[in-house]
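So the structure is just underneath, and the comments pick up after that.
The values are calculated or read from the model by the stated rules, or taken from the named source; none is laboratory data. These numbers come from a predicted model, not from an experiment. All Cβ positions, glycine included, derive from the backbone under ideal geometry; neighbour counts span all protein chains shown.
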Amino acid sequence: MSSEQTSTNQMGTDARSTVIKGGRIIDSTGERSGDVVVVDGRIASVGPDLDADVVIDASGCIVAPGLVDLHTHLRQPGKEEAETIETGSRAAALGGYSAVLAMPNTTPTIDSAAVVREVLELGRGAAVDVHVAGAITVDRAGDALAPMAEMASLGVRIFTDDGSGVQDDRLMRRALEYASGLGVTLAQHCEVTALSEGTCMHEGEWSARLGLPGQPAEAEELMVMRDIALARLTGARMHFLHMSTAGSVAMIAGARAAGLAITAEAAPHHFTLTDACCADYDATFKVHPPLRSAADVAAVKAGLAAGHLDAIATDHAPHTSETKELPFDQAPPGMLGLEYALALAFTELVDGGSMTEADVLARLSWQPAAIAGMSEHGRPVADGEPANLCVVDPSTRWVIDATGGASRSRNVPYVGREVRGRVRHTFSFGEQVVIDGEVQR
Amino acid sequence: MNGNLLTIAEMSTDEILEVLDVTDTMVEVNARRIPKVPALRGRTVVSLFYEDSTRTRLSFETAAKRLSADVMGFSVSTSSTKKGESVRDTVETIEAMGIDAVVVRHGSSGVPAQIARWSGASVINAGDGWHSHPTQGLLDAYTARSRLGSLEGVHVGIVGDIKHSRVARSGIEVFTALGAQVTLVAPPTLLPPNLEPWPVKVAHRLDDVIGDLDICYLLRMQRERMTEALVPSLREYTALYGLTSRRADRLRPDALVMHPGPMNRGVEIAGEVADRPNAVITDQVANGVAVRMAVLYLLLGPGRDALGEIPRDTTVEGSMPDTDTRAM
């Protein structure tokens with residue numbers, strides 16, 4: 001499909017109006033066809049045969065609220081050689097995102113108002129809306145609570161020690177109690193270090209064959225089990241990051257059925273790749289939690305389809321080629337995701353699963369927006385709403401290359417994989433930050 | 001082998017047998033008055049050892065020298081790796097000097113496979129992490145074959161810390177490829193997870209299988225396993241898994257006792273048992289040089305067909321014109 005610009009001034013500047021014509025609108029209220037007019041950062045009208053200064057042909061395309069990533073490592077401050085807020089935001093925009101939640105495992109850790117302010121400031125000129133997650137404990141060390149209230153006063157709604165889990169039961173209980181008083185949500189990276197320390201992949205047939213130390217699924221599941229118990233004890237809201245095992249998905253389903261205020265996410269690599277990918281000792285496939293068995297992949301897909309897992313979150317984790325070329329057991333964990341998540345979800349969960357495109361968009365946009373309390377994202381495509389939108393051509397098939405796209409890193413585990421669905425345009429508060437697959441900022 | 005020797009798993013049975021057959025020739029060379037032939041003259045072999053192993057390194061270097069290759073040793077402790085140079089940069093630096101093969105030992109599984117992706121030289125795995133030690137497996141198979149004639153139907157018990165052992169993994173691969181039945185004898189804590197797909201049986205007591213073994217292969221028991229709650233004590237390990245004199249008496253009279261060295265006498269093997277005539281531990285060491293010569297020859301030499309041209313020892317050391325060999 002092609003899209004046409006009728007004006008050379010595509011920046012969606014305030015005075016000009018833009019109409020996205022002929023698309024299939026999918027949002028939290030359902031699915032319909034119609035044109036969408038954007039003026040001054042907001043959706044001015046939605047309906048048939050609308051006109052504006054700039055016309056974007058969206059025939060054959062899906063028009064949806066911009067995607068929201070609950071789990072992005074932008075690496076700034078501290079690891080600018082791997083990614084910056086600017087480059088990571090570009091990758092996000094190209095992936096159809098209008099908002100990302102930056103994880104706090106930076107250097108320094110985002111564990112105080114000062115660092116929150118710094119990251120928010122750096123994010124101000126970015127291609128997407130950069131939100132910040134704060135750490136639960138000081139320096140993510142798991143010893144003392146970080147000043148959550150001072151960070152919450154700057155708009156932080158999610159707290160996590162992502163990269164590791166809060167190991168201490170008592171501290172986690174206190175954190176949940178304290179967080180519930182602030183109305184914020186704790187998000188856990190579930191991994192019991194006593195079972196995972198020194199390991200570099202999933203424990204199973206492949207770790208045995210490759211002679212690599214593995215961590216069992218139970219390293220994740222024991223903490224999921226504990227945190228469900230603590231959520232029950234405290235009544236606090238809780239979000240579970242990157243669920244990767246069949247056992248975890250089953251426990252989440254049970255806890256939700258029991259009425260606990262629990263949400264959970266899965267990462268694209270956990271519904272796409274298995275531990276067999278590690279066979280060549282390519283650390284591109286090293287990630288925490290590790291790539292699991294085929295049965296776990298099937299369970300994650302089923303959990304997303306059934307709605308036990310609310311969100312698809314990328315865990316976009318850039319690392320330089322130098323560090324990814326270290327021996328497998330020494331290389332840092334993590335892989336890129338922002339530019340591939342939507343296409344992987346269409347390919348694996350719609351074509352290779354039982355979900356609809358609308359189901360996938362719910363888990364990529366409005367459901368994660370609700371979890372993170374992002375009131376301006378994932379909104380219905382309706383008059384007066386902020387114009388955070390993506391236009392996706394669902395029929396484009398493309399092959400993922402090794403360039404890493406707009407990211408500063410190239411740790412792409414999907415090279416050579418053919419996927420379906422390509423983001424054509426992304427709007428951030430009315431500004432067209434991606435035009436025909438080209439990022440504008 | 002595709003120009004490299006990374007694991008035994010990627011060798012066909014015919015390739016394994018070819019190495020063993022060429023080893024016969026190399027054993028003959030090693031028995032000569034001057035055990036040296038010009039087969040690899042002009043070839044350069046680098047040993048790149050990130051983990052100390054004087055025995056394996058000496059064995060490889062001796063093998064290369066007996067084939068007249070030039071040998072460069074890259075010693076990690078005196079090199080730039082201490083200054084933080086990456087493996088890739090080191091390999092590319094060495095390669096720029098013009099080399100034909102690199103013999104790699106590394107404490108992390110998979111490093112030889114990584115190097116093979118970056119390097120045009122032949123990569124020979126001299127042991128990586130818990131993963132693989134293919135020349136050890138080949139020399140074990142050669143040693144066993146030369147004593148037993150064939151490994152078809154032979155029952156091999158591999159005893160001890162299988163989980164952390166590259167020797168065990170390569171042994172399983174080579175023995176099963178040659179038709180042997182392998183039983184792993186270890187407590188569950190020292191076995192790899194998910195053994196179901198492996199072509200092996202498992203026993204948790206040496207006493208259960210000792211009388212049925214043709215080969216009792218003992219692995220070195222490392223003391224640090226005590227601190228990892230894998231076995232309660234060396235004493236208890238020896239009681240269940242050590243080849244004590246009394247247990248060794250229950251072996252079949254023709255059964256072999258093997259060990260990759262270095263031995264902990266009194267732990268996994270009684271000192272007296274290691275010195276019995278059916279213990280072939282020093283044969284393993286001697287054959288190690290010949291097997292590594294065979295591997296180097298097959299990877300770098302003029303080809304199997306030229307084996308007949310390996311000259312008699314009168315031609316050694318350039319005392320005859322180079323035209324006697326095709327070894328360039």
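Quick notes on this structure:
- Within the range B:145-165, being of a type in the set (D, E) and either out of contact with any helix residue (DSSP H, G or I) (no Cβ under 7 Å at 6 or more places or on another chain) or outside the structural domain of B:A255 (by TED's automatic domain parsing) (or both) holds for one residue alone: B:E152.
- Leading residue by the ranking (nearest to the other protein chains (Cβ to nearest Cβ)) among those in the range B:188-208 that are farther than 17 Å from B:D161 by Cβ and in a loop (DSSP other than H, G, I, E, B): B:N194
- Helices (runs of 4 or more DSSP H) completely within the range A:339-433 that count 3 or more residues being within 22 Å of A:G22 (Cβ to Cβ): A:357-364
- Any pair with Cβ under 8 angstrom, 6 or more apart, that starts in the range B:170-185 at a residue that is in the same structural domain as B:M221 (by TED's automatic domain parsing) and ends at one that is of a type in the set (F, W, Y): B:G171/B:Y217; B:I172/B:W198; B:V182/B:F175; B:V185/B:Y241
- Subset of the range B:181-194 [in contact with a strand residue (DSSP E or B) (Cβ under 8 Å, 6 or more places away or on another chain) and surrounded by 17 or more Cβ atoms within 10 Å (Cβ to Cβ)]: B:Q181, B:V182, B:T183, B:L184, B:V185, B:A186, B:L191
- Only residues that are closer than 14 Å to B:V104 by Cβ and either out of contact with any helix residue (DSSP H, G or I) (no Cβ under 8 Å at 6 or more places or on another chain) or of a type in the set (A, V, I, L, M, F, W, C) (or both) were counted across the range B:19-50, and they come to 4.
- Every pair of residues 6+ apart whose Cβ atoms lie under 7 Å, when the first sits in the range A:282-294 and is without any contact (Cβ under 8 Å) to a residue 40 or more places away in the chain while the second is of a type outside the set (D, E, K, R): A:A294/A:T274
- Filter pass, A:A302 being outside any loop (DSSP other than H, G, I, E, B) and free of Cβ contacts under 8 Å to residues at least 60 places away in the same chain: yes
- Inside the range A:3-36, residues that are under 28 Å from the mean Cα position of the chain (by Cα) and at pLDDT below 50 make up a count of 4.
- Whichever residue in the range B:110-120 is of a type outside the set (V, I, T) and touching a residue at least 40 places away in the same chain (Cβ under 8 Å) and, among such residues, is nearest to the other protein chains (Cβ to nearest Cβ): B:A113
- Candidates A:G307, A:G353, filtered to the one that is away from chain B (no Cβ under 14 Å) and under 25 Å from A:T396 (Cβ atoms): A:G353
- Total residues in the range B:129-138, condition under 19 Å from B:A63 (Cβ atoms) and either within 13 Å of chain A (Cβ to nearest Cβ) or without any contact (Cβ under 8 Å) to a residue 40 or more places away in the chain (or both): 3
- Residue check, B:G157 among the small types (G, A, S) and in a loop (DSSP other than H, G, I, E, B): no
- Of all residues in the range B:209-233, those satisfying the criterion of being part of a helix (DSSP H, G or I), away from every other protein chain (no Cβ under 14 Å), surrounded by fewer than 18 Cβ atoms within 10 Å (Cβ to Cβ) and out of contact with any Ser or Thr (no Cβ under 9 Å at 6 or more places or on another chain) are B:G211, B:R223.
- Residue within the range A:159-170 that is within 14 Å of another protein chain (Cβ to nearest Cβ) and at pLDDT 95 or above present: no
- Output for the range A:73-91, where each listed residue is farther than 17 Å from A:R410 by Cβ and buried (at least 24 other Cβ atoms within 10 Å of the Cβ): A:I85, A:S89
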